[in-house]
Amino acid sequence: MKVGFPWTHVIMLVCHLVALHSLPLTNANLMYNPQIDVRLCGRGGRLSWICDPFSVLSRTDADKLDRTLEEIQSETQCACDAVDMVEYKCNTTSKGYTISIAILPYLPHSRQDPVTAENYADYLRRYVWRFGKCGDDVVIVLSKREKQVYASVGPTAALKLKSLIVNDIYSDSRQFFDNGEFYTGLSYMLESFRKAFEATYEVTPDFPVWPVVQMAIGALFVLTCFCSMYLCRKLYS
């Protein structure tokens, strides 16, 4: 019986995911490459920076994210001159930071290694996709069922995406992923990463600013009243 393409690609990916039950993560190539496996990443046979083989996102939302990823790469500055790597130097045709996204319906399980969004993203960035030229890449892994998301940041990209900034972005976007708003959460992360690369991102304070300001104004008002009462007594005594 001839198997059509949609079922073929589903069966192939399921086989890859099942492989985790017998192979350690470091030896199992489980996610297709959106720059090579264009027919298997759910992007309509086009080159992409997103691999979503089970269409967790709608085609429209994935297209919008892809445009954002292209803009970040073309509009941010090349960062390779920031590190001492002779083989990679910036020139007039060099592009900026590369961000790619892997979207899974669930995280596979391994007998040898616990698979999390974190170690899966690190594995893709370092050993499988390797889109960066000089460590200037970021790979985001999103798992729908577990609602886990993690960004593996290359060492050059980390000069801009410091841990304090990344943790702040996680904190601010967490509500979207918890509510199943995966496109909104990913879009927020990408725009925040873009600001960080452009050195315009501001970390959200851990404490609520406006209530503190209100309390300070209230305390100042009370102090002013006491001072006024004291002066009045002195004047009339």
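Among the residues making up region 107-147, those that are among the aromatic types (Phe, Trp, Tyr) and either in contact with a Gly (Cβ under 9 Å, 6 or more places away or on another chain) or open to solvent by less than 80 Å² (accessible area, probe 1.4 Å) (or both) are TYR120, TYR123, TRP129, PHE131.
Would you check if LEU190 is modelled with pLDDT of 95 or more, hydrophobic (A, V, I, L, M, F, W, C) and assigned to a helix (DSSP H, G or I)?
On the way: modelled with pLDDT of 95 or more: yes; hydrophobic (A, V, I, L, M, F, W, C): yes; assigned to a helix (DSSP H, G or I): yes.
Here the answer is yes, as LEU190 does meet what is asked.
Residue pairs whose Cβ atoms lie under 6 Å apart, sitting 6 or more positions apart in sequence or on different chains, and linking a residue in region 81-92 that is surrounded by fewer than 15 Cβ atoms within 10 Å (Cβ to Cβ) to a partner that is in a loop (DSSP other than H, G, I, E, B) and at pLDDT below 85, do not occur here. Contact map, region 38-63: residues that are assigned to a helix (DSSP H, G or I) paired with residues that are hydroxyl-bearing (Ser, Thr, Tyr), Cβ distance under 8 Å, separation 6+ or inter-chain. Pairs shown: ASP61/TYR183; ALA62/SER48.
Of all residue pairs spaced 6 or more apart or on separate chains, those with beta-carbon atoms under 8 Å, a first member in region 133-146 that is in contact (Cβ under 8 Å) with a residue 60 or more places away in the chain and closer than 14 Å to ASP52 by Cα and a second member that is part of a strand (DSSP E or B) and among the aliphatic types (A, V, I, L, M) are LEU142/ILE101; LEU142/ALA102; LEU142/ILE103; LEU142/LEU104; LEU142/VAL149; LYS144/ILE103; LYS144/LEU104. Does SER173 fit the bill of being touching a Phe, Trp or Tyr at 6+ places or on another chain (Cβ under 7 Å), among the small types (Gly, Ala, Ser) and at pLDDT 95 or above? So SER173 fits the description; yes. Among the numbered conditions (1) free of Cβ contacts under 8 Å to residues at least 24 places away in the same chain; (2) open to solvent by less than 20 Å² (accessible area, probe 1.4 Å), tell me where LEU104 comes up short. It fails just one condition, (1). Inspect region 153-170 for any residue being at pLDDT 95 or above and in a strand (DSSP E or B) and give the result as yes or no. Taking every residue of region 153-170 in turn, at least one turns out to be at pLDDT 95 or above and in a strand (DSSP E or B).
Checked against the criterion of being over 24 Å from PRO105 (Cα atoms) and of a type in the set (Gly, Ala, Ser), region 177-185 contains not a single residue that satisfies it.
SER163 meets all of the listed conditions (1) in contact with an Asp or Glu (Cβ under 9 Å, 6 or more places away or on another chain); (2) under 23 Å from ASP84 (Cβ atoms); (3) among the polar types (S, T, N, Q) but one, namely (1). Are any residues in region 42-58 over 18 Å from VAL141 (Cα atoms) and at pLDDT below 95, and if so, which ones? Scanning region 42-58 gives GLY44, GLY45, ARG46.
If you check SER163, SER152 for being of a type in the set (S, T, N, Q) and touching a strand residue (DSSP E or B) at 6+ places or on another chain (Cβ under 7 Å), only one passes: SER152.
The values are calculated or read from the model by the stated rules, or taken from the named source; none is laboratory data. These numbers were taken from a predicted model, which means no experiment stands behind them. Because the Cβ atoms are built from the backbone with ideal geometry, glycine has one as well, and the counts that use them run over all protein chains shown. Keep in mind that these areas ignore ligands, DNA and RNA; they rest on the heavy atoms of the full protein, side chains included. Shrake-Rupley method; radii C 1.70, N 1.55, O 1.52, S 1.80 Å.
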